[in-house]
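Student: Take a look at the following structure, please.
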Amino acid sequence: MATHLKSSFSPARRWTKGFDVALRTAFVLAVVVMVNYLGAKFYARFYLSSQTRVQLSTRTLNVVHSITNQIVVTVYYDKNDDWYPAIIGLLNEYRSANPNISVKTVDYMRDPGEAQKIKAQYKLSSAKDKDLVIFDCNDHVKVVNGDALTQVKLEQVPNSKEREYRRKPVAFNGEMMFTTMLLAVVNPKPLKAYFLQGHGEPSIKETGETDYQKFAAVLAESYIATEPLLLAGDAPVPDDCNLLIIAGPQKAFSETEIQKIDQYLAQGGRLFMLFNYFSIKHSTGLEPIFARWGVNVRADVVQDLNPNNTTSGQDVVTYDFSSHPAVNPLAQFALQLILPRPVSKVDWKNPPANAPKVDELAFSSPQSKLMVEPTLAPQSYPLMAAVEQKTAPGVANTRGTTRMIVVGDSFFLDNRQIESAANRDFAGYAANWLLDRTVLLEGIGPRPVTEFRLTMTQAQQKNVRWLLLAALPGGVLLFGWLVWLVRRK
């Protein structure tokens, strides 16, 4: 008798199972979508490697959060480049902080068609136009060359028979460069700082130890253009001068120059004044102007006798700061000044009407003495002061609110000293406070590069090679063969 086999699943049961699978799949997809949505709004990031951990500084976040324009960042890069992952990781943080920033990647080695479009769009014609990060905001374009993103030093290759060197990366400047470029494309016209010349002041172009090339570079990071200035003849302080910097004059100013500077301040100018010990015996002529603004620049030099506050007896390392926007970020740091002059607030018994606000910013230790008057009892001396004079009601100043920072030393910002302690950071804080750019009153420093090197002998390399090329693949094949035998039985 023929046996009739019945189907395991009836049509109704098959449709039921199919509907159940579809419903479960839709449910899983819905959960994935909801998790991604919530993750985009309320997320916490976990970094499994110290090299991929990127935390934007407060200053960068302030800049990024203030951006309302659409900015397209094009990474025109070879994806096999060692620094490509670090660049993409950093730019993703910018994009996460502000959706107005979008990131586009173009690998010119593997996508020649798209690379040709980028070349035509941004007029890249040179053979050197590669490995670039391009910032574009409404056709205001700034380009960062990949070579400028890292600081390197020459290091001898270990275990080399001949003397051989390699370029070892020591710092990644990506955040410093990218934040500057954001400022540049959002504000196409940079602010301008003029360095007064003609009285023995350092040069902003030269790279000598006592020059200011690095100081000018610090200002450039905040998108402040720098130019030298001579006040000879009838020429006044230029109308486009947003910040006047007088650093380390060794000769007296003429009466005409003093009048021009006085007029500039009266119009609401911004001044960064740096004295030094060379002008103790030969007055610059500017001291009476600062006295009228409430700042006393004493003709003496502070010597700190506390061994924790000096390294050579001629410098003052100060950790003591007042509460002021220009120095608040330095609370956990220090400044190193060279033979600074005391700069204090004038003690007016009867202050004039609408007197400017004067704040002493940094101080030596209580064990300090003066070089010219060594018989005075040790005490703490102020080394710099900030002045702010708001416009009187009904009066409109040409340049706005007068602001000044007067420091008793100019050497601490030269090419030799600017990298000492937090001197470099202070230069940026001071300039941005003077220019009333509060969003930039936090620092951005280079991110150190950590290298992990595995050193093995030739015998160890041979063992690792056999392990990777023979033992591991052979083990997988053996395991598969054993599984086949078991299933065969």
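The values are calculated or read from the model by the stated rules, or taken from the named source; none is laboratory data. Every value quoted in this text rests on a predicted model; they were computed, and no experiment measured them. Reconstructed Cβ throughout: ideal geometry from the backbone, glycine too, with neighbour counts over all protein chains shown.
Student: Do we find a residue being touching a helix residue (DSSP H, G or I) at 6+ places or on another chain (Cβ under 9 Å) and among the β-branched types (Val, Ile, Thr) anywhere in segment 331-344?
Tutor: Yes, segment 331-344 contains a residue that is touching a helix residue (DSSP H, G or I) at 6+ places or on another chain (Cβ under 9 Å) and among the β-branched types (Val, Ile, Thr).
Student: Take the residues of segment 422-462 that are loosely packed, with under 13 Cβ neighbours inside 10 Å and in a helix (DSSP H, G or I): which is modelled with the lowest pLDDT?
Tutor: Among those that are loosely packed, with under 13 Cβ neighbours inside 10 Å and in a helix (DSSP H, G or I), it is Gln458.
Student: Are any of the residues in segment 63-71 modelled with pLDDT under 65, more than 30 Å from Glu114 (Cα to Cα) and in a loop (DSSP other than H, G, I, E, B)?
Tutor: The answer is no; no qualifying residue exists.
Student: Continuing with this model, one more query. Check whether at least one residue in segment 314-326 is within 27 Å of Asn242 (Cα to Cα) and surrounded by fewer than 12 Cβ atoms within 10 Å (Cβ to Cβ), and report yes or no.
Tutor: The answer is yes, given that some residue of segment 314-326 is within 27 Å of Asn242 (Cα to Cα) and surrounded by fewer than 12 Cβ atoms within 10 Å (Cβ to Cβ).
Student: When Ala331 is evaluated against the numbered criteria (1) surrounded by 15 or more Cβ atoms within 10 Å (Cβ to Cβ); (2) of a type outside the set (Ser, Thr, Tyr); (3) within 31 Å of the chain's Cα centre (by Cα), which criterion, by number, is the only one it fails?
Tutor: Looking at each condition in turn, Ala331 falls short on (1).
Student: For the list (1) of a type outside the set (S, T, N, Q); (2) surrounded by fewer than 19 Cβ atoms within 10 Å (Cβ to Cβ); (3) under 17 Å from Tyr223 (Cβ atoms); (4) at pLDDT 90 or above, I need the number of the one condition that Tyr122 fails.
Tutor: (3)
Student: Just checking, which of Ile258, Ile246, Ile204 is crowded, with 21+ Cβ neighbours inside 10 Å, among the aliphatic types (A, V, I, L, M) and either part of a loop (DSSP other than H, G, I, E, B) or over 27 Å from the mean Cα position of the chain (by Cα) (or both)?
Tutor: After ruling out the rest, the residue left standing is Ile204.
Student: As an exercise: evaluate Tyr108 against (1) modelled with pLDDT of 70 or more; (2) of a type in the set (Phe, Trp, Tyr); (3) exposed (fewer than 12 other Cβ atoms within 10 Å of the Cβ) and give the number of the one condition it does not meet.
Tutor: (3)
Student: Would you mind stating whether Thr391 is modelled with pLDDT under 95, farther than 25 Å from Asn242 by Cβ and of a type in the set (S, T, N, Q)?
Tutor: no
Student: A follow-up question, please. Tell me, yes or no, whether segment 95-112 has at least one residue that is under 21 Å from the mean Cα position of the chain (by Cα), part of a helix (DSSP H, G or I) and β-branched (Val, Ile, Thr).
Tutor: no
Student: Of all the residues that make up segment 401-421, how many are aliphatic (A, V, I, L, M), assigned to a loop (DSSP other than H, G, I, E, B) and touching a strand residue (DSSP E or B) at 6+ places or on another chain (Cβ under 8 Å)?
Tutor: So the count comes out to 1.
Student: Of the conditions (1) among the β-branched types (Val, Ile, Thr); (2) modelled with pLDDT under 70; (3) within 12 Å of Val75 (Cα to Cα), Val133 clears all except one; give me its number.
Tutor: Failing condition for Val133: (2).
Student: Looking for whichever is in contact with a strand residue (DSSP E or B) (Cβ under 7 Å, 6 or more places away or on another chain), without any contact (Cβ under 8 Å) to a residue 40 or more places away in the chain, within 14 Å of Phe178 (Cβ to Cβ) and surrounded by 13 or more Cβ atoms within 10 Å (Cβ to Cβ) here; the options are Ile88, Ile71. Which one fits?
Tutor: Residue meeting the stated conditions: Ile88.
Student: Please determine, by comparing only the residues of segment 275-298 that are in contact with a helix residue (DSSP H, G or I) (Cβ under 7 Å, 6 or more places away or on another chain) and within 18 Å of Phe412 (Cβ to Cβ), which one is surrounded by the most Cβ atoms within 10 Å (Cβ to Cβ).
Tutor: Result: Val297.
Student: Continuing with the same structure: Looking only at segment 192-217, count how many residues are touching a residue at least 24 places away in the same chain (Cβ under 8 Å) and touching a helix residue (DSSP H, G or I) at 6+ places or on another chain (Cβ under 9 Å).
Tutor: Final tally of qualifying residues: 14.
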